[in-house]
Amino acid sequence: MIHHLNGRLIEKHPTHIVIECGGVGYLVSISLTTFEALPDDETLFLNIHMVVREDSQTLYGFATKEERSMFLLLISVSGVGANTARLILSAMDSATASEVIASGDVDAMKKVKGIGAKTAQRIIIDLRDKVGVSTGGGGAKSEISFQHNTLKNEALMALTTLGFDQSRVEKTLEQILDKADNDYSLEALIKQALQKL
């Protein structure tokens, strides 16, 4: 699995870029949010999520880790594929998407091309508790929740890749994080979860 690419920007388009690393050119699909954040100079670091299917291997690139985390959350929703998630993140940045989901703003989500009322509601229902935006006005809580959420998603991905059942892993991780202090490392969280699974 490719985690990031660090190389030379060869081509830059609103929907994709070509980045050369070690003599190999990688075609990477991006959102408009990432496109706007990309530098014009040649050297580029990009966070990556790789989607492998029977007939294709697609790289999705993100200017920030937060955008990649939001992308992973979105594609975890039934009926939301990688291209739909990319459309959402082209229409709004990850912070705005978090606010829209946390506030239950179905209309804002429906403004994204290809998102109907049912899909918008499903995204909000599935992700409302996961986006980590505090409605209580405390910035610190929001930040901690987001860290927990990113940590949980990375651990979830690691454990499901190892073959564990996704719903069981989610419950286990939630139990650990509910009881834990906020300074869990990814490695410690995965080890703790492995003991309980």
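For the chain, complete DSSP H runs whose alpha carbons reach 24 Å or more along their own long axis and whose mean Kyte-Doolittle score is -1.0 or higher are 139-161.
Of the two radii for the chain, the radius of gyration is 0.97 times the Kirkwood radius, both from the alpha carbons; that is the Rg over Rh value. Highest GNM mean-square fluctuation, the chain, Cα pairs closer than 10 Å: which of Met109, Met92, Met157? Of Met109, Met92, Met157, the most mobile in the Gaussian network model is Met157. The lysines whose alpha-carbon is closer than 29 Å to the alpha-carbon of Lys179, local same-chain residues fewer than 8 away aside, are Lys65, Lys130, Lys141, Lys152, Lys171, Lys191, Lys196.
Shape class of segment 18-73 from the Cα gyration tensor (axes a ≥ b ≥ c, square roots of the eigenvalues): oblate, since a/c reaches 1.5 or more and a/b does not exceed b/c. Our note on the geometry: Cα centres of segment 1-34 and segment 102-131, 29 Å apart. A DSSP coil position with no more than 15 other Cβ atoms inside 10 Å describes the following GluC sites (Glu not before Pro) in segment 41-95: Glu42, Glu54. With contributions of -39500 (n - 2.57) from each DSSP H run of at least four residues, the per-residue ellipticity at 222 nm computed over the chain stands at -15500 deg cm²/dmol.
Available extension along the chain between Glu54 and Ala37 is 2.9 nm, counting 0.36 nm per residue and deducting the alpha carbon span.
Read the figures in this text as sums done on the coordinates, not as results from a lab. Keep in mind that what you see is a predicted model, and the values were worked out from it rather than measured. Note: ideal-geometry Cβ built from the backbone for every residue, glycine included; neighbour counts use all protein chains shown.
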